[in-house]
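*Asks:* My questions will all concern the structure given below.
Derivation of every value follows stated rules applied to the coordinates shown; laboratory data play no part. This is a predicted model, so every value here is computed, not measured. Don't worry about glycine lacking a Cβ; one is built from the backbone with ideal geometry, like all the others, and counts go over all protein chains shown.
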Amino acid sequence: MDFYDDPEKVKHAVNVITNMMIEYVDALIETGVHANMIDTLFASKSVMSKKMWIEFEGAYVNKIAKHVHQNNCMLMVHNCGDVIYFDAQIEMMHPEAISYLHIPDDCKNHQEVKEKYGDIITLIGHIPPTWLTNASKEDVINECKKQIDELKENGGFILATGCEYPANLSLEHAQTIVDCAIKYGQYD
């Protein structure tokens, strides 16, 4: 409601947070990291409109993204929200990669995601973390093979979960994902 009732106060607060985030990014860059990742969960239809996201978050993550790139570091975006705005996030941040769980608002399936965005950015996989908790090893292998087949053409794909790996799950499925990437993710 604050976005509607007092948008200038919200923007002021987000600007203060943005400046603090730039200090944090600087500390990360000083460690020698090659990339920084920003979580933009609000950049999704299930949370707010694209126009509102650009105004209230996009303009500020743009400042962070420019700072990251000016310091010769890559920027990656994570968004496991439903019906996410790839186009707006790419326009605002020019990321090298996007980690996602759900199909963006302007695509019908993962093949269309690859066709539309695969030459622009690296796509970071979308294995559903909650699904992993009940999946068999064979299920995980089949899902990995499916994603690799759909998205590996011409590179630009990293096999991964679409959000954080479940904290209480054994690392068996994580090892299976790595093994599948090595075995099935090789280029001819």
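*Asks:* Let me know the whole percent of all Cα-Cα pairs from segment 1-79 that are separated by more than 20 Å.
*Replies:* 35
*Asks:* Scan around residue 37 for amide H atoms under 5 Å from its own, H built in the peptide plane at 1.01 Å from N, and keep only partners 5 or more places away or cross-chain.
*Replies:* HN-HN under 5 Å from residue 37: 76.
*Asks:* Fully extended, how many nm does the chain gain between residue 23 and residue 55 (0.36 nm per residue separation, minus their Cα-Cα distance)?
*Replies:* So the chain would gain 9.3 nm between residue 23 and residue 55.
*Asks:* Using Cα centres only, tell me the gap between segment 1-26 and segment 118-188 in whole Å.
*Replies:* 35
*Asks:* Right, something else. Using a cut-off of 22 Å between alpha-carbon atoms, which lysines can reach residue 108, once sequence neighbours fewer than 8 places away in the same chain are excluded?
*Replies:* 45, 50, 51, 116, 145, 146, 152
*Asks:* Provide the percentage of antiparallel DSSP beta bridges, counting only those with both residues in the chain; round to the nearest 5.
*Replies:* In the chain, approximately 5 percent of DSSP beta bridges are antiparallel ones.
*Asks:* Hey, another quick one. Among 37, 52, which comes first, second and so on when ranked by fewest other beta-carbon atoms within 10 Å?
*Replies:* 52, 37
*Asks:* Next question. Hey, what number do you get for the chain at 222 nm if only DSSP H runs of n ≥ 4 count, each worth -39500 (n - 2.57), divided across all residues, to the nearest 500?
*Replies:* That comes out to -14500 deg cm²/dmol.
*Asks:* While we're here: Under the 0.36 nm per residue contour assumption, what length would be gained going from the current alpha-carbon distance of residue 186 and residue 154 to full extension?
*Replies:* Fully extending the segment from residue 186 to residue 154 adds 10.4 nm.
*Asks:* Still on this structure, I have one more. Say each of residue 70 and residue 30 gets a label point 7 Å from the Cα, pointing the same way as Cα to Cβ; how far apart are those two points in nm?
*Replies:* In this crude label model, residue 70 to residue 30 measures out at 1.8 nm.
*Asks:* List 122, 40, 31 from most exposed to least, where exposure is judged by having the fewest other Cβ atoms within 10 Å.
*Replies:* Final ranking by Cβ density, sparse to dense: 31, 122, 40.
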